[in-house]
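Below is one structure, written out as structure tokens; comments come after it.
The values are calculated or read from the model by the stated rules, or taken from the named source; none is laboratory data. None of the values given here were measured: they were computed from a predicted structure. Cβ: placed from backbone, ideal geometry, glycine included. Neighbour counts: every protein chain shown. Remember, those area values only see protein heavy atoms, side chains included, never the ligands or the DNA or RNA. Shrake-Rupley method; radii C 1.70, N 1.55, O 1.52, S 1.80 Å.
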Amino acid sequence: MQSSENQSKKFFTVDELAKRWSMSPRTLNNWRYSGKGLPYIKMTNKVILYDVNDVESYETEHRVTNTVV
């Protein structure tokens, strides 16, 4: 389910995604360098974008609903 903010937004910057996930932008940089995480678009060396649909899919795939073994 998309929030009203995300319905009009197509991409997140590194800083926006880091803030959304409460992590350092450096962590996302490390993930890209090591091939982890989600797909991204490299516009220039300094402009990296993440598609909102990819972000939401990644969040859904990594959702933990039950931790009882």
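Of the residues VAL55, VAL64, VAL14, VAL47, ranked by 1.4 Å probe accessible area with the largest first, the sequence reads VAL64, VAL47, VAL14, VAL55. When only Cα pairs below 8 angstrom with a gap of at least 6 residues are kept, the chain shows a relative contact order of 33 percent. Applying 1/(1 + (r/R0)^6) with R0 = 22 Å to the Cβ-Cβ distance of SER34 and ARG63 gives a FRET efficiency near 0.45. Out of these labelled values of log10 I(q)/I(0) by the Debye sum over Cα atoms at q = 0.19, 0.22 Å⁻¹, (1) -0.74, -0.88; (2) -0.65, -0.88; (3) -0.80, -1.03, which was calculated from the coordinates shown here? Recomputing log10 I(q)/I(0) by the Debye sum over Cα atoms at q = 0.19, 0.22 Å⁻¹ here picks out (3). The residues of the chain expose on average 80 square angstrom of accessible surface per residue, using a 1.4 Å probe on protein heavy atoms. Surface composition of the chain: carbon plus sulfur atoms hold 50% of the accessible area, using a 1.4 angstrom probe and ignoring ligands, DNA and RNA.
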